[in-house]
Structures are given as C-alpha cells and as structure tokens.
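Worksheet for the structure shown next.
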Amino acid sequence: MMNKISAVFGSHVFSDQVMRERLPKAVYKSLKATIDKGEPLDTSIADSVAAAMKEWAMELGATHYTHWFQPLTETTAEKHDSFVSTVGDGGVILQFTGKELIKSEPDASSFPSGGLRETCAARGYTAWDCTSPAFVKTTDEGTCILCIPAAFTSYTGESLDYKTPLLRSMDAISKEALKALTMFGNTTAKKVTSSVGPEQEYFLIDKKKFAKRTDLKLCGRTLFGAMPPKGQELDDQYFAAIKDKIASYMTELNEELWKYGILAKTQHNEVAPAQHELAPIFSTTNIATDQNHLVMATMKKIAAKHDLECVLHEKPFAGVNGSGKHNNWSISTDEGENLIDPGKHPETNLQFQFFLAAVLAAVDNNAELLRLSASSAGNDHRLGANEAPPAIISAFLGEQLQSIVEQIIEKGEATESPKGKTYVSGASTLPTFTMDATDRNRTSPFAFTGNKFEFRMVGSTQSIAFPMMVLNTIVADQIKKMTDELEGADDFETACKALIRRELTAHQRIIFNGNGYSDEWVEEAAKRGLPNIKCMVDAVPYLAADKSVKIFEDLGVMDKAELEARADVMLENYAKKINIEALTMIEMSNEEIIPAVMEYQAELAKGAAEIKALGIDPTVQVSLLNTISEKLTELKSATVALEELVTKAADYEGDTEAWAKYFHNTVFAAFDTVRKPADELEKELPKTAWPFPTYEQLLFEQ
Ligand code: ADP
Ligand code: MG
C-alpha cells in the first residue's frame with residue numbers, strides 16, 4: 001500500500017517538486033517568494049511558468065487548460081480552452097502563454113453577483129492563484145484538463161468569488177499576527193498562515209433508488225419519507241465495520257484524491273445509517289478550500305462508478321443526523337510555530353495567552369457573523385436541532401485552558417496548569433499512557449482540541465472559504481486592536497497581562513463546557529446575553545451591518561458594496577432554493593403520490609365491493625378506505641394551498657430580504673402540512689404501491 005501511495009501521491013499536481021525540477025532556478029525562486037512569503041507576484045516569470053506547466057500537463061495527457069474558480073454558487077467553475085493556437089501560415093502549434101496563465105476573462109454576467117453587475121457590466125476576470133498548485137483533472141471520457149486555481153473579480157475589482165476575500169483575509173491575519181509577534185520578541189517570522197483540516201460528512205445511496213427520488217435529484221434532500229422502524233437509536237452505525245462495497249468505494253476515492261495531493265487520512269462510518277466521513281490532513285485555508293472542492297466533486301464522481309450516489313446535503317433525511325463539515329483551524333508561522341498550541345507551560349506562555357484571548361474575544365464580539373458564515377438553506381435544518389451544534393456560538397476550552405483562564409481572571413496571571421493524567425485500565429495486559437490534558441465536547445460549535453479550534457457549524461455542501469474568511473478576519477481584527485493598545489506600553493509584560501485579563505474577563509461568557517444540546521443551555525445563554533439566531537434569513541443582515549463593514553474595510557478584506565452584494569446573493573439563493581423545494585413537493589404530490597394513492601384506493605374499493613358481493617364483511621377494507629380517503633383529501637388540499645403560497649411569492653420580488661423572509665416564514669413553514677399526510681399515507685399503503693423508494697430502502701439498502 002505504501003508503495004502505491006508514494007507512486008500516485010501528487011502525480012497530478014504541479015507541485016513544489018515538479019516546479020523545482022522544471023523551472024529555471026531564478027523563476028522558481030521568484031515564484032516561491034510569492035507562495036511562501038506572500039511577496040507580490042513578478043508577472044515577468046509567467047511565460048516561463050506557463051511553458052513548464054503546459055509541458056508537464058501534456059505529458060499527463062492534457063489537451064486543454066482552464067482557470068478553475070469559485071463563483072458564489074456551491075460549485076467550482078471552469079471553461080476549457082485547448083492549447084492549440086494558429087500560426088501565420090495557417091498551421092497550428094500547441095502553446096500556453098504567460099498571459100493566458102495569469103488572466104482569463106469569463107463572462108461575469110451569468111454568475112451571481114448580488115447587484116455588483118449593474119455597476120460593472122458583464123466583464124469579469126479570473127486571475128491565477130499561484131499559492132494553490134495547478135493540477136490535471138481527468139474525466140471518465142478520457143479528457144485531461146490542466147486546472148489553474150484562480151480568483152474571480154469584476155472589471156472594477158470587486159470580488160465575485162469565495163477565494164479573493166479568503167486570500168485577503170489570510171494576508172490580514174498574517175500582517176496582524178506578525179505585528180503582535182514582534183512585540184513578543186519574534187522578529188524572524190515572515191508570514192503567519194491560517195490552516196484548516198475540514199472533516200467532510202456524506203451519505204452514500206444506491207444509485208437506482210436515488211434516481212427514483214425526484215426530491216433527492218432536484219433538491220439534494222428528501223421532502224417526503226416516513227421514519228422506518230429503525231433509525232440510528234442503537235448507535236450501531238458510528239465507527240461500525242465498513243461494508244465491502246463502501247470500503248471499495250473509499251479505496252478508489254482515496255487513490256483518486258492522492259493523485260491530487262490530497263492526503264485523505266481518516267475514514268469511518270458516521271452516526272446515521274448510510275452516512276460516512278472523510279478527513280484529509282490539514283493545509284492552508286486556501287489550499288484546503290480548493291482541495292475540499294475537489295474532495296466533494298471526486299466523492300460524487302467515484303460514487304457513480306460504484307452504482308452509488310453521494311449525497312452531500314446538510315439534511316438529506318429527516319429523523320436521522322445530517323452532515324456537516326468540522327473545520328479544524330489554527331494559525332502558525334513560517335518557522336513552524338503554531339500560535340494556538342499551548343505548549344508545555346501554557347500557564348506562563350504569555351504569547352499563547354494573548355492569541356487565546358484574541359480568538360475568544362473575536363468569537364464573542366462577532367458571534368453573529370460567525371453564525372452567519374455557516375448559514376445556508378440546508379444548514380437551517382441542522383443548527384439548533386439536536387444533532388449539530390446549537391445556533392448559539394459558544395467556545396469549549398476543556399479543563400486545562402479553563403483552569404488557566406480562571407486563574408488569569410481571578411489573580412491576573414496563571415501559575416499552574418493541569419496535566420494529562422495517566423491512563424489506567426485496571427487490566428494488567430493493557431498499556432498505560434498519558435492522556436490528553438483536555439477531554440472532548442461534541443456539542444460545542446467552537447471547541448478547542450489540543451492545538452487547534454474546531455468550528456463545527458459549517459454545512460456539508462458549503463465552500464469552507466466563507467467561514468474561514470470570516471474567522472481569519474475577526475481574529476485579525478481582534479489581534480490588531482490588542483496590538484495597537486499595547487504599542488508604546490512602558491512595561492510590555494505588565495500591560496499585556498492586564499489586557500489579557502481584561503479581554504478574558506469580558507468574554508468569558510462565551511466559554512461553555514457543558515451540554516450544548518440541552519434546553520438549560522439555551523436559557524443560560526440567553527441570560528449571558530449570547531445571540532441565538534434561529535435561521536439563515538435572520539443571520540444574513542449581520543454581514544453588511546455597520547459593525548461588520550468597519551472590520552472588513554479596515555483590514556481590506558471586503559468593502560461595503562461587496563458585503564451587501566454577498567448578503568443579497570445569499571438571500572436570493574435561499575429564496576430560490578425554497579422555491580425549488582416547494583415546486584418539487586407539489587410535483588411529487590400531484591404527479592406521484594396522489595395518483596398512486598388513488599390507484600390503490602380504487603383497487604381497495606373494487607376489492608371491498610367484490611368481498612361484499614360474496615357475502616363477506618368488508619369492514620377492514622372500508623375502514624382502511626376511509627382512512628386513506630381522509631388523508632388523501634388532506635394531502636390534496638395542503639398541496640393546493642402550497643401552490644397558492646408559491647404563486648404569491650411573486651409579490652415580494654424586487655425586495656430580496658422580504659422575498660427570502662416570505663419563503664422562510666410562509667412557504668417553508670407550510671411544507672409540513674403537505675409532508676405529514678403524505679408520510680402517513682406511506683405507512684398505510686403496501687410497500688409495492690408506494691411510488692418511490694422509502695427511507696428504509698434508501699438508508700438500509702446501500
Ligand atoms: P481530532 O481527533 O481532534 O478530530 P484529527 O487529528 O483527527 O483530530 O484531525 C482532524 C482534522 O484536523 C484533520 O483534518 C487534521 O489534519 C486537522 N488538524 C490537525 N492538527 C491541526 C492543526 N494544527 N491545524 C489545523 N488543522 C489540524
Ligand atoms: Mg474531529
């Protein structure tokens with residue numbers, strides 16, 4: 001296996017090693033200065049890099065290249081151009097120029113822009129992001145494409161994608177953290193990088209059964225479906241032995257991901273039936289975002305080969321757990337120092353305490369923004385439900401840091417730190433070892449896990465760029481405020497200790513180590529004054545609120561117009577999604593469920609009459625017929641009512657916020673009235689008479 005990994009790992013990536021081998025020394029050095037130290041890109045090297053990239057990609061079979069970017073949709077975008085160019089005498093040559101590498105010009109008018117388009121017309125540019133390596137993607141049809149990660153902006157420079165603000169936020173946190181480090185005596189670090197390891201949850205469903213579900217096909221989630229007799233209550237799915245079919249899927253998935261240099265490390269069965277998880281080794285927030293997009297796309301692609309369908313939606317099935325994406329986040333210097341690592345003596349490590357206080361203060365000061373960063377129509381089903389973190393932002397610190405924070409608040413400084421105890425099993429044959437200094441908490445949205453924070457709210461379909469951009473920005477902002485305050489202090493150590501104490505005291509209210517799923521926590525959080533934003537449409541307005549605009553503009557991450565545009569895109573997307581769900585529900589009800597029920601009803605009626613004609617008592621048939629007819633009437637009238645509600649949505653068009661709110665408060669709120677009688681009918685009808693696969697078939701017949 002090891003041989004296999006090393007043979008394929010990174011084989012499709014224009015990696016550091018490939019660059020070192022193929023680029024002229026000076027070009028390599030210049031490019032590395034941009035990638036590693038964040039120095040401005042010297043565009044004069046582009047021709048040389050492009051030529052090497054083309055040679056390398058063609059050796060792998062590539063005929064085309066594309067700028068691969070992330071518009072404000074849920075997927076990546078690409079437009080293939082071949083390497084073919086004409087030359088004067090009518091002949092052709094294969095070429096890829098530096099200009100083509102650096103910039104491309106897709107039509108911006110067909111991507112969501114949230115109104116930025118009106119002011120900037122249709123022109124948009126994609127620009128090469130040299131900090132995320134280019135790669136060659138192969139399709140099953142045998143096409144090989146050189147993909148160049150790129151940022152996407154409008155003609156006037158506003159970002160129209162997820163990558164641009166993420167890169168700006170990485171610059172911001174690097175700049176502010178370096179300034180802070182200087183105060184602590186570190187003048188040699190050149191760059192601070194934010195990293196993330198995103199754990200990705202997903203479902204695998206039998207392909208043929210999936211194809212028969214209009215809701216899964218169009219909405220990514222089921223809109224109907226009664227609970228089967230068994231769900232996840234036996235806790236027998238989590239970490240269960242992986243079925244052969246799924247294991248062979250995972251093996252092929254891993255091999256494909258290794259080609260792209262993605263170190264898929266951990267895989268296991270998740271809590272819900274048919275649910276699984278994959279965790280790669282962490283990387284910079286930018287590369288990890290690109291890789292996570294590749295992971296999601298590859299998961300789907302490989303599933304098709306195994307007669308499976310990969311479902312990434314946050315809540316594909318009611319009644320069992322949905323899927324999220326745990327974002328393990330940390331910041332570290334180019335010298336390899338993790339600024340979130342408590343080290344051996346966190347009680348006396350002032351620098352660590354400074355960054356810890358900054359993170360906690362940032363999270364508390366901007367809880368609404370952080371909550372918003374994980375909001376989507378799909379994630380509305382999770383956040384606040386008893387399976388995912390609550391919609392209330394709190395931070396789990398664990399015993400060790402909790403004790404240190406308490407000491408600082410009480411005495412102004414910490415003097416001792418609880419250490420990991422020794423594991424003693426009581427059985428002589430089992431090993432003993434030192435346990436972690438901190439236990440875990442699965443219910444916390446923002447949990448400290450040893451040397452990183454795990455942001456657990458993020459949705460499974462979402463690009464991690466947005467939440468990571470928000471986290472980088474709010475932490476950078478807080479570091480900046482704290483650094484500014486300490487600048488010019490007569491006695492740095494005393495001033496710093498006092499500042500840390502003040503910040504921890506002011507923000508200790510977000511520290512919560514208990515059960516985040518409990519009702520008591522909701523009450524307690526309200527007493528502490530922590531926001532509890534229940535749904536996405538209520539969270540979005542915080543994005544372009546004055547307080548946010550100030551932070552984002554001060555750090556140069558996004559301006560007011562960009563923030564407003566993004567908020568608009570989010571709300572519009574929400575309304576459209578709920579509209580699609582409503583229309584799908586109506587279609588399934590009218591064209592699939594109701595006809596199937598009527599057919600069965602007619603059969604029952606015929607049977608009852610025949611039985612009666614034979615002089616046999618048809619009570620059972622008649623009673624069933626009555627039940628079914630009643631529920632059928634209920635279903636039909638609820639469907640008609642939903643149709644009317646959807647039609648009325650047109651009244652709100654033009655005011656995106658009101659439109660989205662209407663879809664949430666009125667249209668979405670009516671879904672249950674349609675679903676309930678339909679699910680009850682499913683339970684009354686014979687399995688063979690139901691028009692599409694049931695939860696039982698979808699979840700337990702993978
Ligand atoms: P846990 O057991 O806490 O879930 P894992 O070691 O399984 O931790 O890691 C989960 C994810 O966190 C992985 O993607 C891993 O690469 C990532 N990770 C580990 N250390 C760090 C770090 N310092 N910064 C960011 N991510 C990290
Ligand atoms: Mg984890």
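Only the coordinates and a few stated rules stand behind these numbers; no lab work does. Model, not experiment: these values are computed from the prediction. With ideal geometry, Cβ positions are generated from the backbone for all residues, glycine too; neighbour counts draw on all protein chains shown.
Numerical summary
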read-out: The stretch 314-391: radius of gyration and largest Cα-Cα distance (Dmax), Å; value: 16.8, 49
read-out: Radius, Kirkwood style, for the stretch 2-161 when every pair of distinct Cα atoms is counted (Å); value: 16.9 Å
read-out: Test item: Cα-centred dipole of the stretch 2-161, Lys/Arg +1 and Asp/Glu -1 on Cβ, debye; value: 440 debye
read-out: Long-range amide H partners of ALA189 with built H, under 5 Å; value: none
read-out: Kirkwood hydrodynamic radius of the chain, Cα pairs, Å; value: 27.8 Å
read-out: Distance from the stretch 1-39 to the stretch 497-538 (C-alpha centre basis), Å; value: 44 Å
read-out: Approximate shape of the stretch 544-591 as ellipsoid semi-axes (Cα gyration tensor, √5λ), whole Å, largest first; value: 37, 7, 6
read-out: HN-Hα J in Hz across the stretch 607-615 - Karplus 6.51, -1.76, 1.60, θ = phi - 60°, x for Gly and Pro; value: x, 4, 5, 5, 5, 5, 4, 7, x
read-out: Alpha-carbon centroid distance for the pair the stretch 455-469 / the stretch 283-336, whole angstrom; value: 10 Å
read-out: Rg/Rh (Cα only; Kirkwood hydrodynamic radius) as it applies to the stretch 228-334; value: 0.99
read-out: Convex hull volume per residue for the stretch 274-360, taking Cα atoms only, in Å³; value: 156 Å³
read-out: Relative pair counts by distance (%), Cα atoms of the stretch 573-700, 10 Å bins; value: 12, 35, 27, 16, 7, 3, 0
read-out: Phi-based couplings in Hz for the stretch 345-351 (Karplus 6.51, -1.76, 1.60; Gly and Pro marked x); value: 10, x, 5, 10, 8, 5, 5
read-out: The stretch 637-702 versus the stretch 60-90: alpha-carbon centroid distance in Å; value: 41 Å
read-out: Relative contact order, percent, the stretch 573-700 [alpha-carbon distance under 8 Å, six or more residues apart]; value: 39 percent
read-out: Simple spin-label estimate for HIS345 and ALA240 in nanometres, 7 Å along Cα-Cβ; value: 5.1 nm
read-out: Under-5 Å amide H pairs with PHE396, H placed in peptide plane, nonlocal only; value: PHE446, ALA447, PHE448, PHE512
read-out: Estimated [θ] at 222 nm from DSSP helical runs (n ≥ 4, -39500 (n - 2.57)) normalised by residues in the chain, nearest 500; value: -14500 deg cm²/dmol
read-out: Per-peptide average of other Cβ atoms within 10 Å, ordering 58-66, 394-402, 351-359 highest first; value: 351-359, 394-402, 58-66
read-out: Ratio Rg/Rh, restricted to the stretch 201-248 and using Cα atoms, in which Rh is the Kirkwood radius; value: 1.00
read-out: Debye, to nearest 20: dipole size of the chain, +1 on Lys, Arg Cβ, -1 on Asp, Glu Cβ; value: 1040 debye
read-out: In Hz, Karplus ³J(HN,Hα) per residue of the stretch 4-18 (6.51, -1.76, 1.60; θ = phi - 60°; x = Gly, Pro); value: 4, 4, 5, 6, 9, 4, x, 5, 10, 10, 7, 7, 4, 4, 4
read-out: Radius, Kirkwood style, for the stretch 147-210 when every pair of distinct Cα atoms is counted (Å); value: 15.6 Å
read-out: Radius of gyration and maximum dimension Dmax of the stretch 49-89, Cα, Å; value: 13.3, 44
read-out: The stretch 596-670: projected area of the alpha-carbon convex hull, averaged over directions, in nm²; value: 5.8 nm²
